[in-house]
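> Before we start, here is the structure in question, set down as structure tokens.
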Amino acid sequence: MKLPVIMFRLLFSFILFITAMSCNRPIPEAPKAVLVIHGGAGWISRESVSDSMENAYIKTLEAALIKGRGIIKNGGSSLDAVQLAIEHLEDSPLFNAGKGSVFTYNETNEMDSAIMNGATGDAGAATGISTIKNPIQVARAVLDHSVHVFLSGQGAEEFAVEQGLKQVDPSYFFTQKNFDRLKEVKVAVNVPSQEKLGTVGAVALDVNGNLAAGTSTGGMTNKRYGRIGDVPVIGAGTYAENDVCGISATGHGEFFIRNVVAHDIAARMKYAGHSIEKASTEVIAALKEKGGAGGVIGLDSQGHVVMPFNTPGMFRGYISLDGSPVVAIYAED
Ligand code: ASP
């Protein structure tokens with residue numbers, strides 16, 4: 001055989017080999033964690049967040065991760081870890097949940113929350129909360145102590161008080177920055193603002209292999225009085241099922257409800273055999289096509305972490321049983 005032919009064949013085989021190798025390259029495995037949290041998605045950019053605010057966000061997210069992980073380290077349940085991490089974020093004025101909740105058009109604060117136990121399929125949810133300091137505790141009390149799944153408004157608050165939860169004057173939820181933001185939005189467009197969505201959520205996997213997910217929010221600035229978002233709708237903003245995944249969402253709630261986002265991710269994993277990376281990335285990309293802004297956090301039964309979002313930023317982080325907290329804000333992080 002002539003030398004040029006041999007050279008050509010060798011080159012051709014080499015190209016085939018390289019192509020085959022790159023086609024077979026496995027999708028990189030997601031990192032593993034016992035707790036993943038979010039503090040909302042939205043139009044968050046480096047230019048819009050000062051260094052000191054960025055630092056405050058990071059410190060608060062890290063503290064929530066360390067607190068929640070402490071429960072798991074001590075052999076506690078994923079439900080307790082989710083609740084504690086969310087309570088920490090609710091107590092901060094930085095996030096749109098609990099203390100930092102945004103205002104309705106009527107200048108009130110109406111909060112939604114949900115928590116789900118992946119081991120049993122039990123869930124608790126609450127909407128229209130305006131006087132209970134930590135709305136995630138209302139959801140947890142519904143899960144633990146009610147025959148119902150979802151309570152609203154006055155009925156939910158009376159139940160929470162019966163359960164001994166801390167009640168506060170509605171003025172506790174006043175923050176000047178959220179009030180100023182409402183005024184700006186009312187003047188500008190008079191529809192709910194999507195700019196910074198800021199809800200909080202957590203998903204945990206405990207040492208017994210049990211998954212749990214929870215979410216808490218003030219909703220959307222300038223929302224109509226009585227509007228309910230995706231957060232307390234089980235399967236839309238919050239979902240957990242052992243052996244599949246736990247998911248907590250943040251974003252424009254109406255889109256997450258219509259597309260049953262959290263359950264859609266679980267269903268793709270369960271019925272189509274998709275990995276959590278594939279299922280969650282595809283669902284969030286498809287949502288964007290429909291105009292739905294936001295993201296999710298999730299863990300599968302092996303502890304693989306996902307945090308896909310389709311906005312410029314999402315406050316997010318995860319922690320393993322022994323590692324340091326990993327926190328990020330912007331898409332490029
Ligand atoms: N999903 C929430 C809602 O629509 C808002 C958010 O995530 O920030 O109520």
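The values are calculated or read from the model by the stated rules, or taken from the named source; none is laboratory data. Given the structure is predicted, the values throughout are model-derived calculations rather than measurements. For neighbour counting, all protein chains shown are included, and Cβ atoms are generated from backbone atoms with ideal geometry for every residue, glycine included.
> How many residues are within 26 Å of Ala123 (Cβ to Cβ), of a type in the set (A, V, I, L, M, F, W, C) and assigned to a helix (DSSP H, G or I) if we restrict to segment 31-69? Talk me through it step by step, then tell me what you get.
Step one: list which residues in segment 31-69 are within 26 Å of Ala123 (Cβ to Cβ), which gives 32-41, 61, 64-65, 67-69.
Next cut, of a type in the set (A, V, I, L, M, F, W, C) only: 33-37, 41, 61, 64-65.
Those left that are additionally assigned to a helix (DSSP H, G or I): 61, 64-65.
Counting residues in segment 31-69 that are within 26 Å of Ala123 (Cβ to Cβ), of a type in the set (A, V, I, L, M, F, W, C) and assigned to a helix (DSSP H, G or I) gives 3.
> Then there's this: Among the numbered conditions (1) surrounded by fewer than 24 Cβ atoms within 10 Å (Cβ to Cβ); (2) out of contact with any Leu (no Cβ under 9 Å at 6 or more places or on another chain), tell me where Thr104 comes up short.
Among (1) surrounded by fewer than 24 Cβ atoms within 10 Å (Cβ to Cβ); (2) out of contact with any Leu (no Cβ under 9 Å at 6 or more places or on another chain), Thr104 violates only (2).
> Next question. Tell me which of these Gly100 doesn't satisfy, since it passes every other one: (1) out of contact with any strand residue (DSSP E or B) (no Cβ under 6 Å at 6 or more places or on another chain); (2) modelled with pLDDT under 95.
Failing condition for Gly100: (2).
> Also, I was wondering about something else. How many residues are within 22 Å of Glu241 (Cβ to Cβ) and assigned to a helix (DSSP H, G or I) when one looks only at segment 70-96?
Count: 11.
> For Val168, indicate whether it is more than 16 Å from the chain's Cα centre (by Cα) and free of Cβ contacts under 8 Å to residues at least 12 places away in the same chain. Walk me through how you get there before you give the answer.
On the way: more than 16 Å from the chain's Cα centre (by Cα): yes; free of Cβ contacts under 8 Å to residues at least 12 places away in the same chain: no.
So Val168 fails the test.
> Do the conditions hold for Ala279, that is, is it over 20 Å from Asn117 (Cα atoms), more than 16 Å from the ligand (Cβ to nearest atom), in a helix (DSSP H, G or I) and over 13 Å from the mean Cα position of the chain (by Cα)?
Details: over 20 Å from Asn117 (Cα atoms): yes; more than 16 Å from the ligand (Cβ to nearest atom): yes; in a helix (DSSP H, G or I): yes; over 13 Å from the mean Cα position of the chain (by Cα): yes.
Judged against the criteria, Ala279 is a match.
> Something else about it: Could you please tell me which pairs satisfy a Cβ distance under 6 Å, a separation of 6+ or placement on different chains, a first residue in segment 207-224 that is hydroxyl-bearing (Ser, Thr, Tyr), and a second residue that is more than 9 Å from the ligand (Cβ to nearest atom) and part of a loop (DSSP other than H, G, I, E, B)?
Thr221/Ser193
Residue-wise test of (1) among the hydroxyl-bearing types (Ser, Thr, Tyr); (2) surrounded by fewer than 24 Cβ atoms within 10 Å (Cβ to Cβ); (3) in contact with a Lys or Arg (Cβ under 7 Å, 6 or more places away or on another chain); (4) closer than 15 Å to Ser248 by Cβ.
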{"residue": "Ile86", "(1), (2), (3), (4)": "no, no, no, yes"}
{"residue": "Asp91", "(1), (2), (3), (4)": "no, yes, yes, no"}
{"residue": "Phe95", "(1), (2), (3), (4)": "no, no, no, yes"}
{"residue": "Lys99", "(1), (2), (3), (4)": "no, yes, no, no"}
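> Then there is this: On the given criteria, is Val82 among the aliphatic types (A, V, I, L, M), modelled with pLDDT of 95 or more and more than 15 Å from the ligand (Cβ to nearest atom)? Outline the logic, then answer.
Details: among the aliphatic types (A, V, I, L, M): yes; modelled with pLDDT of 95 or more: yes; more than 15 Å from the ligand (Cβ to nearest atom): yes.
Yes: the conditions hold for Val82.
> Taking segment 98-156 as the region of interest, how many residues are over 20 Å from Tyr225 (Cβ atoms), of a type outside the set (A, V, I, L, M, F, W, C), in a helix (DSSP H, G or I) and over 20 Å from the mean Cα position of the chain (by Cα)? Full working, then the answer.
First, pick out the residues of segment 98-156 that are over 20 Å from Tyr225 (Cβ atoms): 99, 114-124, 133-134, 136-137, 139-149.
Among the residues that remain, those that are also of a type outside the set (A, V, I, L, M, F, W, C) are: 99, 117-118, 120-122, 124, 133-134, 137, 140, 144-146, 148.
Now restrict to residues that are in a helix (DSSP H, G or I): 99, 137, 140, 144-145.
From what's left, over 20 Å from the mean Cα position of the chain (by Cα): 144-145.
Residues that pass the stated criteria total 2.
> Working only within segment 107-134, note down all residues that are β-branched (Val, Ile, Thr) and surrounded by 24 or more Cβ atoms within 10 Å (Cβ to Cβ). Don't jump to the end; show me each part of the working.
So the first thing to find is which residues in segment 107-134 are β-branched (Val, Ile, Thr), and the list is 108, 115, 120, 127, 129, 131-132.
If the condition is that a residue be β-branched (Val, Ile, Thr) and surrounded by 24 or more Cβ atoms within 10 Å (Cβ to Cβ), then Ile115, Thr127, Ile129, Ile132 are the ones that fit.
> Inside segment 283-316, can you point out the residues that are out of contact with any His (no Cβ under 7 Å at 6 or more places or on another chain), assigned to a strand (DSSP E or B) and among the β-branched types (Val, Ile, Thr)?
Val296, Val305, Val306
> Every residue in segment 21-69 that is exposed (fewer than 10 other Cβ atoms within 10 Å of the Cβ) and either modelled with pLDDT under 85 or touching a Ser or Thr at 6+ places or on another chain (Cβ under 8 Å) (or both), please.
Those that are exposed (fewer than 10 other Cβ atoms within 10 Å of the Cβ) and either modelled with pLDDT under 85 or touching a Ser or Thr at 6+ places or on another chain (Cβ under 8 Å) (or both): Met21, Ser22, Cys23, Asn24, Arg25, Pro26, Ile27, Pro28.
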